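The values are calculated or read from the model by the stated rules, or taken from the named source; none is laboratory data. Computed from a prediction, not measured in an experiment: that's the story for all the values here. Cβ placement follows ideal geometry from the backbone for every residue including glycine, while neighbour counts extend to all protein chains displayed. Each accessible area value is taken on the protein alone, full model and side chains, heavy atoms only, with ligands, DNA and RNA left out. Shrake-Rupley method; radii C 1.70, N 1.55, O 1.52, S 1.80 Å.
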Amino acid sequence: MKNHCCNDMDYHANFKCNLHDNPFDCPDQIIIYDVSNDDYGLIIHDGGSSRIGIDYCPWCGSRLQCLRENK
């Protein structure tokens, strides 16, 4: 489990639903974090696996790409 820019992002990016195995099926999952690409997205709950990539945290405004740039 990775620590993220703020408590809210940490909660949502690490959220695991007890009812849904697929995060795109869970209405409570709003952020998806892709560990392999180190990127974030807002889940589009339209029945598929669509997401919108984000570069800034919706809660604290921190630039999310800095995590990748500092590696």
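A quick yes/no check of all residues on (1) part of a helix (DSSP H, G or I); (2) more than 17 Å from C6 (Cα to Cα); (3) open to solvent by 90 Å² or more (accessible area, probe 1.4 Å); (4) at pLDDT 90 or above:
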position: Y33; (1), (2), (3), (4): no, no, no, yes
position: S36; (1), (2), (3), (4): no, yes, yes, no
position: L42; (1), (2), (3), (4): no, no, no, yes
position: S49; (1), (2), (3), (4): no, yes, no, yes
position: G53; (1), (2), (3), (4): no, yes, no, yes
position: G61; (1), (2), (3), (4): no, no, no, yes
position: R68; (1), (2), (3), (4): yes, no, yes, no
position: K71; (1), (2), (3), (4): no, yes, yes, no
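For region 13-31, give me the residue count where each residue is within 8 Å of the chain's Cα centre (by Cα), modelled with pLDDT of 95 or more and more than 11 Å from C57 (Cα to Cα). Full working, then the answer.
In the first step, residues of region 13-31 are kept if they are within 8 Å of the chain's Cα centre (by Cα); the result is 13-14, 30-31.
Subset that is modelled with pLDDT of 95 or more: 30-31.
Filter once more, keeping what is more than 11 Å from C57 (Cα to Cα): 30.
Total meeting the criteria: 1.
One residue stands out among those in region 21-31 that are open to solvent by 60 Å² or more (accessible area, probe 1.4 Å) and part of a loop (DSSP other than H, G, I, E, B): the one that is nearest to L64 (Cα to Cα), which is I30.
Annotation note: Cβ proximity below 7 Å between a residue of region 35-56 that is over 18 Å from F15 (Cα atoms) and a residue that is open to solvent by 80 Å² or more (accessible area, probe 1.4 Å) (sequence gap 6+ or interchain) occurs for D55/R63; Y56/R63.
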